[in-house]
Each structure stands twice: as C-alpha cells, then as structure tokens.
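For reference, the structure is listed below as structure tokens.
Every read-out reported here was derived from the displayed coordinates using simple, explicitly stated rules and does not represent laboratory data. As the structure is a computational prediction, the values presented were derived from the model and not from experiment. Note that we place each Cβ from the backbone using ideal geometry, even for glycine, and neighbour counts take in every protein chain shown.
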Amino acid sequence: ATDPLRVLVTGAAGQIGYALVPMIARGAMLGPDQPVIIHMLDIDPAAEALKGVRMELIDAAFPLLKGVVATTDAAEACTGVNIAVMVGGFPRKEGMERKDVMSKNVSIYKAQASALEKHAAADCKVLVVANPANTNALILKEFAPSIPEKNITCLTRLDHNRALGQISERLNVHVGDVKNVIIWGNHSSTQYPDVNHATVTTSSGKKPVRELINDDNWLKTEFITTVQQRGAAIIKARKLSSALSAASSACDHIRDWVLGTPKERWVSMGVYSDGSYGIQPGLIYSFPVTCEKGEWSIVQGLKIDEFSRAKLDATAQELMEEKQLAYLCLN
Ligand code: NAI
C-alpha cells in the first residue's frame, strides 16, 4: 500500500478551508489512490470551530483519510508535511490601509516560513492562497531559504479557470475543450488574462480562440475585466468571497504540479521568476507552466505582442511595489 502523504491546510477553520479539506480527503488533490493525513492549523479564536471541522472529517468516514491533526501550534501543524496549502491570513477589513493588511500578513508569513523550514518534509511543496498571495509567497520564500525556491508557489489557477469558464460560456462549448489561456502576473486586478495562445477543440479540429471569437474589442476589454473583477462580483452576490472555486482550483494546482499537466496543455501558476519574458527575477509572478515529475517549468517562446507587453509589465510593476511595501513592513 502507498504511504499516506501529509497535507497542511492553514486557516482550515475558514471558508476555503471548509470547502478544501473534504476535497483533499476525497482524492481531488493527490488522486484516488493516494491516502492522506490532513494537518489543519488555525489561530486561537478559531480553535473551537477547528475542532468542529475535525469532527466532521471523522464523521464523513473518508476511505483515503488516514489521520487528522487539528492544532493552533504552527510547529505541530508543519511537522512532516509534504504539501502545504497556506490559506490562513489576515483579511482586509473596511477602512484598513493597504500597508496595515500587508504588515499583518508579512509577519504571519515570516513566522510560518520558519515553522515550515524547521518542521516540514525536506521536499515540501508550498501553495500560498491567502492574499496578497504572490507577496505572501515571496516573503515565505525569503524566510525559508532551505526550502528550494521552486517549491514555493501561489494560486492563480482560480483566475486561469475563470478565464476558461468565460471563453466556454461565450462560445457555448464545454470548458474541458478550451485550453492554454494564461494568467500573467499578480493575483489582483492587474493580472492579465491572455487568450492569444488559447485554443478550442471542435468537431473540425483545434481552433484558436482568437479565430472563433472574432471580436477583438470584447477580448481586449470585457473579457479581461470580467476575469479580473470576478472575485469582487462573487463577493457582491454571495456577501462572501469565493470559496468552493478557490478550493477546487487549489486542488487543480497541486494535482497538476505533483502528477503532471496533460499533454499539450499548460496551466497558470504563481512561481518565482527566472527572468523569463523579461520579468524581474525573484518576483513571484504567474506564468504559463507545464509540470512533469513534480516540477514545473515556464512555457518558453510564446510571442508577446505590444498590447500584452504593456499588461505584463504593469502587473510586474505592481508586484515590485508590493515587494517594497512588504520590506518596509519588515522593519
Ligand atoms: P476566512 O476568513 O474565512 O478564513 C481565513 C482563516 O484563516 C480563518 O479561520 C482565520 O482564523 C485563519 N487565520 C488567520 N490568521 C492565521 C494564522 N496566522 N495562521 C493560521 N490561520 C490563520 O477566509 P477565506 O475566505 O477562507 O479566504 C482565505 C484567504 O484566501 C484570504 O486571504 C482570501 O483573500 C484568499 N483568497 C485567495 C484566492 C486566490 O485565488 N489566490 C481566492 C479566494 C480567496
């Protein structure tokens, strides 16, 4: 039998946590043959709620679930984990300055970086979901120098899936037939959803999205803003931020990273930049990637037109500013 993998979910008593842990226990993240032990971390005010989630996980009697650790102690939560999904963070509340939110999250991610570095499995793969996701991941990377930088990523797969969804709705095709959209940059409203390389499988073969949607104006305006603003639209409708789609996308991110991306299909992941496409090295930036044998690599050689270039640079600029702000908060 396969040994169980240990999966950490921080902020596990929150909304995304509640949607995510049953998905992991059902095999949506690591496959239907991989047993798991779920480690859940939250903070003291949520300790009771966390106990409740633990009870429900036990009550659901998941065959793949070999154990549950529920704790408010970061060291205990991080011990031996193979996968860490960092959902816990400090949310922006009304009237709060950007700097105050950044400051809270920087101190959380600095502390949790140390806990992971000391206690996680040496090859632990990290996915940061909590906002500001790219910059939280950057702080985690800086303060966990013994974790390979290739192992620290952030979630832009939700934005990627949203882009696939918008194309599929517009063309009235199944979402599974649309592929190779790209989310570039920050998981924020400056992200650039790019369809220039995307295709649709049709009954008469593979067609570029740009040929099927012969409406440059829609693709350059409404499509982009709909994807960028989708999070806000969900908050408006639900009075709560996206949770089931965030959880599902987090499973997609880890599953493709660990088990590999399908042939001829790439996905978007926030990963550290090696300078590809002229993006400043060291930023955590969302790129198109393919994954094989547990490693991602940035898809190279895509043609970037002038419109796209400006968008790639604008979102990089925002990330550099966030990085500066984060460093100010450290002092
Ligand atoms: P939530 O507020 O329902 O849950 C957050 C949980 O984190 C709470 O239970 C809280 O007690 C816990 N927490 C706070 N500080 C912690 C710490 N230091 N250690 C461990 N746990 C801690 O929020 P929700 O809706 O689950 O969202 C979580 C995060 O994910 C937010 O930052 C949100 O902005 C972000 N998000 C990111 C998305 C992405 O695509 N990257 C999509 C949707 C949400």
#### Entry: Selection of trypsin sites (Lys or Arg not before Pro), region 68-109, meeting DSSP coil and at most 14 other Cβ within 10 Å
Lys93
#### Entry: Rounded to 5, the percent of DSSP beta bridges in the chain classed as antiparallel
50 percent
### Task
Please compute P(r) over all alpha-carbon pairs of region 1-76, binned at 10 Å starting from zero, and give each bin as a whole-number percent.
22, 55, 22, 2
### Message
Taking 20 °C and 1.002 mPa s as the conditions, I'd like the Stokes-Einstein D for region 233-276 in µm²/s, using the Kirkwood hydrodynamic radius from alpha carbon pairs.
### Response
168 µm²/s
### Task
Could you please tell me the mean projected area of the C-alpha convex hull for region 235-331, averaged over all directions and given in square nanometres to one decimal?
8.8 nm²
### For the chain, the Rg and Dmax computed from alpha carbons only, in angstrom
19.3, 59
### Query
Top mean-square fluctuation among Gln112, Gln191, Gln300, Gaussian network model of the chain, C-alpha springs under 10 Å?
Gln300
### Message
Please compute the Kirkwood hydrodynamic radius of region 98-220 from all pairs of different C-alpha atoms, in Å with one decimal.
### Response
16.6 Å
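Calculate the FRET efficiency for Ala310 and Gln280 from the Cβ-Cβ distance with a Förster distance of 25 Å, rounded to the nearest 0.05.
Numbers: r = 16 Å, r/R0 = 0.64.
After rounding, the FRET efficiency stands at 0.95.
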